[in-house]
Amino acid sequence: MSSALKNLSVFSTENLPDISEKHFAIIVAEWNSEVTGPLFTGAYETLVKYGANEEFIHVRSVPGSYELSFGAALAAQASHIDAVICIGCVIQGETKHNDYINHAVAQGLTNVSIQYNKPVIFGVLTPNTQQQALDRAGGIHGNKGDEAAITAIKMLGVSF
Ligand code: DLZ
């Protein structure tokens, strides 16, 4: 289902793990802050709503989405961090910058997750327009920050 049909703030919350002792890092890109601000708020409030201790939520900002990979690596290599949530918004422009940034961040965050064996969540919007971004940052399609936080929580419940 594409996100045009799905509300990003509607998800199953059955069997969520206890996260009261878990430490989360949230890394937020400053670019498009009118979008990343509400995404961050959604992620933070969702963590708290489902049991995170606010003292265990560690927030840092980076200039742009391209820098999320480095921020995530710093967080993931910190032994007390259990999961990392990365928040960004890359809006398509006249050039292909968005393609380069999006691919680099997606690959970068995957690499960090595998290297450090911790959930690293891609809370990055990749819209064609600012309106599409706002629609997914607390607008008509919900909030991708909420979805990113619930994904981090669910991943902490995955074990073998
Ligand atoms: C340079 C740039 C551009 C053009 N657009 C965005 C964007 O839409 N969203 C975003 O998060 N960052 C953007 N950036 C900044 C890059 O992510 C990065 O910070 C710079 O290229 C410096 O490495």
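Structure values in brief
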quantity	calculated
Phi-based couplings in Hz for segment 108-125 (Karplus 6.51, -1.76, 1.60; Gly and Pro marked x)	x, 5, 4, 4, 4, 4, 6, 4, 9, 6, 9, x, 10, 9, 8, x, 10, 8
Percent carbon-and-sulfur accessible area, segment 1-101, ignoring ligands, DNA and RNA, probe 1.4 Å	52 percent
Relative contact order (%) - segment 24-156, alpha-carbon pairs under 8 angstrom, separation at least six	33 percent
Equivalent ellipsoid semi-axes - Cα gyration tensor, segment 69-160, angstrom	25, 17, 9
For the chain, alpha-carbon Rg relative to the globular expectation (2.2 N^0.38 Å, N residues)	0.97
Cut-off 12 Å between beta-carbons: net charge of the residues surrounding Phe40, Lys and Arg +1, Asp and Glu -1	-2
Cut-off under 5 Å, modelled amide H: who pairs with Leu125 long-range	Gly88, Cys89, Val90
Spacing of the two label points (7 Å from each Cα toward its C-beta) at Gln77 and Asp18, in nm	3.3 nm
Length added when fully stretched, Lys49-Phe70, from 0.36 nm per residue minus Cα-Cα	4.8 nm
Spacing of the two label points (7 Å from each Cα toward its C-beta) at Lys6 and Gln130, in nm	2.7 nm
Sequence-distant lysines (8 or more away, or on other chains) whose Cα lies within less than 29 Å of Lys96	Lys6, Lys144
Probe 1.4 Å, protein heavy atoms only - accessible area per residue of the chain in square angstrom	53 Å²
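The values are calculated or read from the model by the stated rules, or taken from the named source; none is laboratory data. Everything numeric in this text was worked out from a predicted model, so none of it was measured. So basically every Cβ, Gly included, is an ideal-geometry build from the backbone, and we count neighbours across all protein chains shown. Keep in mind that these areas ignore ligands, DNA and RNA; they rest on the heavy atoms of the full protein, side chains included. Shrake-Rupley method; radii C 1.70, N 1.55, O 1.52, S 1.80 Å.
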